[in-house]
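Coordinate-derived values only; no laboratory data. Since the model is a prediction, treat every value here as computed from it, not as a measurement. Cβ: placed from backbone, ideal geometry, glycine included. Neighbour counts: every protein chain shown.
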Amino acid sequence: MEMPSGVYAKWMTAWETRLATRDTNRVVRPLEWGFDWLKDFGSSSAVQGNISPAIKPVECVPDELPQPIERMITLNEEIVRRSQDFFGYRVPEDFRIEQRHPELFPTNVRPETLAQDAEMKRQAAASESQPAEFLRFSSAIRTAYPENDQVNARWYPAPGSEHTAGRTGKTKQAIIVMPQWNADAISHNALCTLFNRFGVSALRLSKPYHDIRRPAEIERSDYAVSANVGRTEAACRQAVVDIRSCVDWLETQGYTQFGVLGTSLGSCYAFIAAAHDPRLRVCAFNHASTWFGDVVWTGQSTRHIRAAFELAGLTQNQVRRIFLGISPMAYMERFAATPKRVLVVHAKYDLTFLPKFSIDVLANLDRFGVDYVSKVLPCGHYTTGEMPYKYIDGWYLGSFVYQSFKKLAEQV
């Protein structure tokens, strides 16, 4: 990594590094290949729906391959070839709205965060906070953790939207919002209320292993991205399917135009979902990168995961290849195949999604003829959430979503 030059760059890099290293509960876990997390791909994937029962098990990953890394690379190449199957699913049948008091579900143990969590719990117990509405349903992709398999999305219906379906002719629009890795349960909620002002409803989706979906055995949402390769890929698969399932529910509520906004890891999930679901026509990617493995290898946030891979003797190129199946770059052509309105925001001093990777995203969008808007923040990955940069970012995201849905409505 090149050292920053200039006073502002050095100050920003130091600030970014302090924010990225303040949490002390990251754990270096040993490399696990996790083939068991992907064993249903092929033989049992027809159960997920929208897949021909005639599909056979993956035949190009024989057990006799001498090295697990070769098997994992081969499996990922197969995932890309058959991505419609891998990200295919059966529409859930148990959609329901649940009312409960919001909680924080923190992923760090800093005193100020624990105090905020305690205060929210006190307010809920004393009925001093208002209950909120949450969409709940069983994920079409199942894991070893029942709590993770109950999808959770806080529901922000735009005022008056319940009265517009099929009567006034007004287009009903909604966006699915996916925060960053290890986000607590209130992250990005302000964006949802902002979208409501534009007449756009929002579902703030909890990613796999996040907030209420997080297993009690972990403090952080580590199972979403870890040195367990198969589990990491299964988490992405589940997130993509959950996004698409949310669109299915929105359609039952009379919505006809849809968007997705993802930040950091949420951006990766959102991109792959949009590549496989043409209903998602407004796409905002808040921090973006091409190859999942490159971010794991070079990012500040994933130093502990890289450490596990290095201990196992893996190289950056090998890590890129074992995560091929959940890399946005693998689906760039598919993403470009249907018209979309696209925003890509990246940060000039990002030490987690290195700027060169974000610029590579833009170059590939150009190569495939995607119509997009690019915005650059004068900060880093973590500092995007700090003043004043979070307001600049909010303006980029909010104005894009407003203008994009407005143009979609005019096309009806």
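A few comments on the model shown:
- Rounded Å value of the spacing that divides the Cα centres of the stretch 348-389 and the stretch 88-128: 30 Å
- Contact order for the stretch 92-220, expressed relative to its length and based on alpha carbon pairs under 8 Å spaced 6+ residues apart, stands at 29 percent.
- Of the DSSP H helices in the chain, those whose Cα atoms cover at least 30 Å axially and whose Kyte score averages -0.5 or more: 229-252, 389-410
- Highest average first, the peptides 138-150, 343-355 ordered by how many other beta carbon atoms sit within 10 Å of their residues are 343-355, 138-150.
- The mean sequence distance of close C-alpha pairs (under 8 Å, at least 6 residues apart), as a share of the length of the chain, puts its relative contact order at 17 percent.
- Rounded to the nearest 20 debye, the dipole size of the stretch 7-410 about its Cα centre is 960 debye, using +1 on the Cβ of Lys and Arg and -1 on the Cβ of Asp and Glu.
- Environment charge at LEU397 (Cβ cut-off 14 Å; Lys +1, Arg +1, Asp -1, Glu -1): +4
- For VAL260, the residues whose modelled amide H falls within less than 5 Å of its own, excluding neighbours fewer than 5 places apart on the same chain, are ILE176, VAL282, CYS283, ALA284.
- Ordering of 69-76, 117-124 by burial proxy (mean other Cβ atoms within 10 Å per residue, highest first): 69-76, 117-124
- Per residue, the convex hull volume that the Cα atoms of the stretch 206-286 enclose (Å³): 93 Å³
- Lysine pair count for the chain [Cα-Cα under 16 Å; pairs on different chains or 8 or more apart]: 13
- Of all DSSP bridge pairs formed entirely within the chain, close to 35 percent run antiparallel.
- Net charge of Cβ neighbours under 10 Å - reference ASP294; Lys, Arg +1; Asp, Glu -1: +1
- In order along the stretch 317-329, phi translates into HN-Hα couplings of 5, 5, 5, 4, 6, 6, 10, 4, x, 10, 9, x, 4 Hz, rounded to whole numbers, per the Karplus curve 6.51 cos²θ - 1.76 cosθ + 1.60 with θ = phi - 60° and x for Gly and Pro.
- The distance from the alpha carbon centre of the stretch 184-232 to that of the stretch 257-272 is 12 Å, rounded to a whole number.
- Working note: 222 nm ellipticity from helices only, DSSP H runs with n ≥ 4, each -39,500 (n - 2.57), summed and divided by the residues of the chain, gives -12000 deg cm²/dmol to the nearest 500.
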